[in-house]
Amino acid sequence: MPDLAALAETHLAAALAAPNGRSTELVVHDHQLRQTVIALADGQSLAEHNAPPAATIQVLRGSVQVTSQGGDDVVVREGELMPVTHERHGVLALEDSAFLLTTVTGIPEGTRG
C-alpha cells in the first residue's frame, strides 16, 4: 500500500533536484484507473492538456493553480480535493507542491452517470 506522505516528500526532493523541476510516479494502475503522484517545484507547470473522462487532484503538499481555457482558474491547497473539469487545463505550482492525480482513462459505453 503506497504511503502518500512519504511519496510526496520523496518526489518533492526529486523535483527540486531535477532540471525540469518535476517528478512523477504511477502508484496505482488498475485497468482504466490510474493514480499518479506528481511533484512540481515552485513556479513549474504542466502545460495545458485535454482532460480524461474523469479525474481529481488531491494536493498532498503545497498549493497548485488549475488553469482552464475558460479562465475559471482554481487554487487547490494542501489537503483539498478537486474534480478536474472536462475541458483543457493546466497545473501551476504556486509553491513546492505534490499532488495525487486520479484519472479514469476510459469509461465503458453504457456506464456513464
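The values are calculated or read from the model by the stated rules, or taken from the named source; none is laboratory data. In this text the structure is predicted, and so the values were computed from the model without any measurement. Backbone-built Cβ (ideal geometry, glycine too); neighbour counts: all protein chains shown.
Among the residues of region 33-53, write down those that are assigned to a strand (DSSP E or B) and buried (at least 18 other Cβ atoms within 10 Å of the Cβ). Before the answer, list the steps.
Quick first cut of region 33-53, residues assigned to a strand (DSSP E or B) only: 33-40, 45-49.
Across region 33-53, the qualifying residues are Gln35, Val37, Ile38, Ala39, Leu40, Leu46.
From the list Leu12, Leu100, exactly one residue is buried (at least 18 other Cβ atoms within 10 Å of the Cβ), touching a residue at least 40 places away in the same chain (Cβ under 8 Å) and part of a helix (DSSP H, G or I). Which is it? Walk me through how you get there before you give the answer.
Numbers: Leu100 fails: part of a helix (DSSP H, G or I).
The unique qualifying residue is Leu12.
Of Thr67, Thr56, which residue is farther than 19 Å from Leu4 by Cβ, part of a strand (DSSP E or B), among the hydroxyl-bearing types (Ser, Thr, Tyr) and within 13 Å of the chain's Cα centre (by Cα)? Before you say what the answer is, go through the steps one by one.
On the way: Thr56 fails: farther than 19 Å from Leu4 by Cβ.
Among Thr67, Thr56, only Thr67 is farther than 19 Å from Leu4 by Cβ, part of a strand (DSSP E or B), among the hydroxyl-bearing types (Ser, Thr, Tyr) and within 13 Å of the chain's Cα centre (by Cα).
For (1) over 14 Å from the mean Cα position of the chain (by Cα); (2) within 17 Å of Leu81 (Cβ to Cβ); (3) aliphatic (A, V, I, L, M), each residue gets a yes or a no:
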site: Met1; (1), (2), (3): yes, no, yes
site: Ala5; (1), (2), (3): yes, yes, yes
site: Ala8; (1), (2), (3): no, yes, yes
site: Leu12; (1), (2), (3): no, no, yes
site: Gly21; (1), (2), (3): yes, no, no
site: Leu26; (1), (2), (3): no, no, yes
site: His31; (1), (2), (3): yes, no, no
site: Ile38; (1), (2), (3): no, yes, yes
site: Asp42; (1), (2), (3): yes, no, no
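For region 64-72, indicate whether the set of residues that are closer than 22 Å to Leu26 by Cβ, at pLDDT below 90 and surrounded by 13 or more Cβ atoms within 10 Å (Cβ to Cβ) is non-empty. Don't jump to the end; show me each part of the working.
Of all residues in region 64-72, those closer than 22 Å to Leu26 by Cβ come to 64, 66.
Next cut, at pLDDT below 90 only: none.
No, the conditions are met nowhere in region 64-72.
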